[in-house]
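Derivation of every value follows stated rules applied to the coordinates shown; laboratory data play no part. For clarity, every value in this text was computed on a predicted model and none was experimentally measured. Here the Cβ positions follow ideal geometry from the backbone for every residue, glycine too, while neighbour counts run over all protein chains shown.
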Amino acid sequence: MTHVEQRSILAGASVQPLAMPATVGVEMWERFSFYGMQAIMAYYLYHEVSQGGLGLERSQATALMGAYGAAVYLCTLAGGWVADCLLGAERTLLGGALLLVAGHLALGTLPGGWGVASGLCLVAVGSGALKTAAITVLGHAYGGDADARRDAGFQLFYLGINIGALFGPLLTGWLSAHYGYRTGFTAAAVLMGIGLAHYVALRGRYLGHLGETAARAITRPGNPLPAAQVLPSISGVLIGLLALAGLLATGQLPLAGLATLLLVVTVAAAVGLFAQMLTSPRVTADERRRVLAFIPLFIASSAFWSVLNQTYGVFAVYSDVRLDRRLGSFEIPAAWTQSFNPAYILVLSLPMAWLWTRLGERRPGSALNTSAVKMCVGVTVSGLGLLVLLPFAGQGASSTPVLALAAAVLVITLGELLVGPVCMSATTAHAPAAFRTRFSALYFLTMALGTSLAGVLSGWYDPDSASAERRYFLACGLATMAVGGLTLWATRQFGAIGRSCSPSGPTSAQPTSEVAVRPAAP
């Protein structure tokens, strides 16, 4: 590439469409409020009423966090359907933001179980709608795949996600420690309100600057539902949400059972999608082999998310009861430990991308050009992260130094750098032509499956028993490492089935593009 060409690309990349700051801003504030609320939710659920909490059992609280996280990712599928069939991407984004504000306000103002049930349902639906719609809106703001500004715009989008994930727990953790949980939840509502106001302020201008084709693509449903089916569909969804909130609030649906229910639903959805693609006459024999090749990667990714999402359940409890969080006369709020992962992502993403480029043909798996090798290594590494805490498990209150948990999360994050972006890329590389959009949904299903599994597994975590705590970290760590090894073995049974390739040849995931990000969707 000539010097003139490089300058031309850089100049084009520097002038971003107005849709970029609009969507990046609303996504950053959404993540700020989302992770801020999530950081203190487990403590609100299981702390005693005298401490401002609801007094649930710890196992119930961690199971609910797993179920809620799974619901968020399942709602991304529903959000995509709403955008495609009912509202269009832009109005789905706006509606999702409004639901998020309402959900955080419900958590901050409504008492007891009704506040939690209604608030979490609204946040899950709103977040699922906003996530998918924001990516669609931003994608249509550019002239096409060759637009030099596209990569820079999405990199800023991902940067906003991690900035929000980093600072959200810091703010709400401090507020909840000093002014109570309701204040923390209300702060999350204010943060989302800021994001919504920022988006509305830019909305009219950026829509006016879009071309007619792009504006139509994001403001109108691509596959509109017949008018006669619109009201019954919306009514059915609302009735279902109200019924679920009522069952949770009244205790008729046990919280531990909710995580198991969502795990079963997610597995059924994934099996159904795979079966549909493998039996469809529109899928060629070569495409069917690529679908089969993705199954071990799907399992590996699900295993990884079951480890990372311990952050909001088991690790949250561990930080509260086992961690020595004192720095002189200052005690670090337990919620602050949930900012470790996004901080590591922000620091390590670019060095990791540079490392893959520097290693060239010496990088792991380059001989086979496989995403499977990287993902299997990443899953194995994440299992090691759980074992880091094993020497400190069961040693009493405030016995574990903060650096021990920081080290464990660092090891798990190193696994994320290998699993997250590679699986995201693999979903596009392995997708049959007739199922491209639905195949991409499998990535979100790995996150839903892993999160619900984390909630189910947390039922076996007992910080009051030293032996039980040790067994938990040992069993989960070794099981995750075993999944990594078995996945690698399974891929090789199919041949080079983990190959990141398109029908025309290998190359979907180039090392320079493998910058780990919290999916948009951690």
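Numbers at a glance
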| quantity | calculated |
| --- | --- |
| In order through the range 214-227: 3J(HN,Hα) via Karplus (6.51 cos²θ - 1.76 cosθ + 1.60), integer Hz, x for Gly, Pro | 5, 4, 5, 5, 9, 9, 10, x, x, 9, x, 6, x, 3 |
| Using a Förster distance of 45 Å, the FRET efficiency for I239-A285 (Cβ separation, nearest 0.05) | 0.55 |
| Shape call, the range 17-253: gyration tensor on alpha carbons, a/c limit 1.5 | oblate |
| Dipole in debye (nearest 20) - the chain, about Cα centre, beta carbon charges: Lys, Arg +1; Asp, Glu -1 | 780 debye |
| Exposure proxy order (Cβ contacts within 10 Å, fewest to most) of I194, I239 | I239, I194 |
| For D324, distant residues with modelled amide H under 5 Å away | S399, T400, V402 |
| Ranking of I218, I163 by count of other Cβ atoms within 10 Å, fewest first | I163, I218 |
| Sorted by Cβ density within 10 Å, fewest first, the residues V419, V24 | V24, V419 |
| Under 14 Å, Cβ to Cβ, from I40 - net charge with Lys/Arg +1 and Asp/Glu -1 | 0 |
| Whole-Hz ³J(HN,Hα) from phi, Karplus 6.51 cos²θ - 1.76 cosθ + 1.60, for the range 61-69, glycine and proline x | 5, 5, 5, 5, 5, x, 5, 4, x |
| Förster radius 41 Å - calculated FRET efficiency between A482 and N223, Cβ distance, rounded to 0.05 | 0.45 |
| For the range 279-295, Karplus couplings with θ = phi - 60° (6.51, -1.76, 1.60), whole Hz, Gly/Pro x | 9, 6, x, 7, 9, 6, 4, 5, 5, 5, 5, 5, 5, 4, 5, 7, 4 |
| The chain - mean residue ellipticity at 222 nm from DSSP helices (-39,500 (n - 2.57) per run, n ≥ 4, rounded to 500) | -25500 deg cm²/dmol |
